[in-house]
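Worksheet for the structure shown next.
Nothing in this text is a laboratory measurement; each read-out follows from the coordinates by a stated rule. On a predicted model such as this, the values are computed, not experimentally measured, just so you know. Every residue, glycine as well, gets a Cβ built from its backbone with ideal geometry; the counts of neighbours run over all protein chains shown.
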Amino acid sequence: AGDAGELSALDALVGQEGVVAEVRSRLEAARVGASGGEDAHVLFFYGYPGTGKTYLAELIATAAHGRAAPPHYRKFAMQNYRTDEDLWKLVSPPCGIKGEGAFAALFAGAHGEGREKGEGRGARAASAPVGPVVVFDEIEEARR
């Protein structure tokens, strides 16, 4: 595990230098407070197996938070979400059914960390300008 904010962790991914440069640029922008709206720092990686998408997500979590572990990193194996009921475990169930999905719980915990008294719900810890890193692994396997 590295120190939070140490972008050199990204250098461990070899063969995707262009992607690493783009991610590094976005993380540096987030660090200095760049804003572009609620989705400004959402990165979506999609591609063939074995190209480093999950590994890069782990490196991002390590660079931004010092480690790739909850509450800053969460990996969802999408082959486990094949039915409506399975999906409700991930996202909140429809009205009238009690419960909160894992995804909603992940962000509820992340937004609460480091929030000073009186700050708004979306406030982030000063030491962690990047929110949680979420991986939907094998997303094409959901609902098959």
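The residues neighbouring residue 75, those whose beta-carbon lies less than 12 Å from its own, together hold a net charge of -1 under the Lys/Arg +1, Asp/Glu -1 convention. Segment residue 21..residue 46, full-extension length gain: 7.3 nm, with 0.36 nm per residue of separation and the alpha-carbon distance subtracted.
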